[in-house]
Amino acid sequence: MTRAEGAHQRIVERREQAERLREQRLAHEREGNVAKTLAGHLRANNFERWLLEEALDLLVDGASRILRELSAGQYELVHDKGEFYVVDHHDAGLRRGVRTLSGGETFQASLALALALSEQLAGLSTTSASLESIVLDEGFGTLDAATLDTVAATLEGLAARGDRMVGVVTHVPSLAERVPVRFEVRKDARTARVERVGL
C-alpha cells in the first residue's frame with residue numbers, strides 16, 4: 001500500500017510537471033509564431049514595399065489636393081496598383097488613365113505631383129525647411145496655343161497663391177509676356193547681359 005501510494009504520488013507530480021512543460025511549450029510556440037510573422041513583415045522587400053505604398057498614398061493625396069486647386073475643382077488624382085488616374089468631375093466623375101490627358105492637363109498633374117513631393121520632403125526635414133520657390137524649365141516650345149494658355153493660367157494661379165515664388169525658363173514669347181517680372185538674356189557677338197523687364 002505504501003509503495004502504491006508513493007508510486008501514485010510520483011505519477012501525480014509527473015503529470016503536474018508534464019502539464020507545466022506543455023504550457024511552456026505552447027507559450028514558446030506562440031512566441032515563435034509571432035517572431036516568424038514579424039520576421040516576414042520586416043523582410044527587406046516586404047517592409048520596403050509597405051513604406052513605398054504609404055509614401056505613394058501620401059504623395060497622391062497631396063497631389064490630388066493641389067490638382068483640384070490648379071484645375072478649379074475639375075480633376076482629382078488617384079492611384080491603383082501603381083497606375084495613376086484622374087477623376088474628371090466635369091465629366092460625371094469619369095476615371096481615366098493619365099496617358100489620356102492633354103498636354104495642359106498633363107502639365108497640371110505633373111506640377112501637382114512635384115509640389116506635393118516638395119511638401120513631403122520639407123515635412124521630413126528636421127530643420128522645418130520649406131520650398132519658397134520653384135523654377136520650371138519644361139520645354140514649353142513644344143506646346144500648342146491652347147495648352148500653352150492652360151500652362152500659363154496654371155502658373156499664374158500658382159503664383160497668386162502667394163506661398164512661393166515661381167520662376168519659368170522659356171524661349172516662348174507668348175508665355176514670357178504673361179510673366180509680370182522677367183529677366184531677359186540679351187546677347188551680341190561678344191557678350192551677353194541680363195536685363196530685368198517688368199515691375
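Structural remarks
- By the count of neighbouring beta-carbon atoms within 10 Å, fewest first, 149, 57, 188, 88 end up ordered 188, 57, 149, 88.
- Over the chain: helical MRE at 222 nm, DSSP H runs n ≥ 4 each giving -39500 (n - 2.57), nearest 500: -19500 deg cm²/dmol
- Loop-located trypsin sites (Lys or Arg not before Pro) in region 1-103 whose Cβ has at most 15 other Cβ within 10 Å (DSSP): 43, 81
- Degrees between helix 2-42 axis and first principal axis of the chain (Cα, 0 to 90, nearest 10): 10
- Under the Karplus curve 6.51 cos²θ - 1.76 cosθ + 1.60, θ = phi - 60°, whole-Hz ³J(HN,Hα) for region 47-64, x wherever Gly or Pro sits: 5, 4, 4, 4, 4, 5, 5, 5, 5, 5, 4, 5, 4, 5, 4, x, 5, 5
- Overall form of region 31-80 per C-alpha gyration tensor (a/c, 1.5; a/b vs b/c): prolate
- Using θ = phi - 60° and Karplus 6.51 cos²θ - 1.76 cosθ + 1.60, couplings along region 184-190 (whole Hz; Gly, Pro as x): 9, 8, 10, 10, 10, 4, 10
- The long axis of helix 103-124 is offset from the longest Cα principal axis of the chain by roughly 50 degrees.
- The residue list 173, 133, 8 was ranked by how far each Cα lies along the charge dipole of the chain toward its positive end, using unit charges on Cβ atoms, and 8 comes out on top.
- The relative contact order of the chain, computed from alpha carbon pairs under 8 Å that lie at least 6 residues apart in sequence, is 12 percent.
- Cα gyration tensor, region 53-126 - rounded (a/c under 1.5), prolate or oblate: prolate
- The chain: angle of helix 145-160 to the longest principal axis, Cα-based, in degrees nearest 10: 70
Bear in mind these aren't lab numbers, they're just calculated from the coordinates by the rules spelled out. Small disclaimer: the values here were computed from a predicted structure and weren't measured. Glycine also receives a Cβ, built like all others from the backbone with ideal geometry; neighbour counts cover every protein chain displayed.
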